[in-house]
Every structure is written in C-alpha cells, then in structure tokens.
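Beneath this line is the structure, given in structure tokens, with notes to follow.
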Amino acid sequence: MDKLTVRQFVTKFDNGDFDTYSLEAQMDAGWCDWFCKDSALKNKTKALGKKIKAVSKLNFFDIDKTYVYMQNTWPIDGKTFDSFGIVDIETDTLIVWIAPKLGYKDKRYRGKTEVFMSDGSKYFDSWKEAKEFLKTLREK
C-alpha cells in the first residue's frame, strides 16, 4: 500500500475514512507499530488525527511532499503512549516526531509532550505549549 501524503491523510480523516475498526483502513492511515488491540486504533487515529491536522496547518513542511506514520509505543519503564512522525517522501528523512503525552514513569518526562527533530528532543508540559513551539518553525 502506498503511503498517503499528509494532505491525503487530512482529506481522508476529514471525510471519515478512518472512522472504522477496519485494520486495513487504520494501516492506510499510517499505523506501523502498536501494542494495543487492533480495535483500539480507530479511537487513537481520531485523537492523533486532530493533532496531525493541526500540525499540517503550521506550514513548516510541505504537506504534498511528506507522509505521516503513527505508533503506539510500549516503553520498558511506563505505560504505552501514542506518537506520530512526519517524513519527507523523497528522502525518507524524519522531519518531526511528536508524542503528545509520554507514558514514562520517570517524573521528568511523565505526561510531557515530546517533539523530536534533527537537533534533538524538546519537552513541553502540554500539547498546547508544543504547538506554540511548532508555530515558530514556519518562521525559519
């Protein structure tokens, strides 16, 4: 299955194409790794999809030249958490990886939002704070 561009993802998300328990539809949405029941992906896509849509409007990457993938991570020390990455289609280079709410037990990171880019990770107390940071990237 070909990867959807971010624009295609947002269009399908808005059309409700991922609002289904179909595993094929969830994999089409970009799920590549998960430690939860397949049936849980529908609601996880709904939650992450809103954030992906918000990030796509910030204009710090080309939504026609990137794709999105989603993961449900199970850390050694903590609870599972969801994340998504935006990747350049031509070079397969990661532009940004975002975990809206980390599941680590470590108090320094528990519940924080992590944004990882080529220059390393940044941690925020909330998704709202992370989004404000991401807005600054379009100015660069």
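The values are calculated or read from the model by the stated rules, or taken from the named source; none is laboratory data. Everything quoted here is computed from the prediction, not taken from an experiment. A quick note on method: Cβ atoms are made from the backbone with ideal geometry, for glycine too, and the neighbour counts reach across all protein chains shown.
Can you pull out the residues in the range 101-118 that are in contact with a helix residue (DSSP H, G or I) (Cβ under 9 Å, 6 or more places away or on another chain), surrounded by fewer than 17 Cβ atoms within 10 Å (Cβ to Cβ) and part of a strand (DSSP E or B)?
Result: 117, single match.
Where the second residue is outside any loop (DSSP other than H, G, I, E, B) and acidic (Asp, Glu) and the first is within 17 Å of residue 79 (Cα to Cα) and lies in the range 22-46, which pairs have Cβ atoms under 6 Å and are six or more apart or on separate chains?
44/82
Name the helices (runs of 4 or more DSSP H) wholly inside the range 1-100 in which the number of residues that are in contact with a strand residue (DSSP E or B) (Cβ under 7 Å, 6 or more places away or on another chain), closer than 26 Å to residue 132 by Cβ and modelled with pLDDT of 95 or more is 1 or more.
6-14, 41-56
Here's a check for you: in the range 119-138, which residue that is outside any loop (DSSP other than H, G, I, E, B) and touching a residue at least 24 places away in the same chain (Cβ under 8 Å) is surrounded by the most Cβ atoms within 10 Å (Cβ to Cβ)?
130
Looking at the range 83-100, I want the residues that are on the phi > 0 side of the Ramachandran plot and among the acidic types (Asp, Glu) and have a partner that is in a loop (DSSP other than H, G, I, E, B) and buried (at least 19 other Cβ atoms within 10 Å of the Cβ) with Cβ atoms under 8 Å, at least 6 apart or on another chain. Which pairs are those?
none
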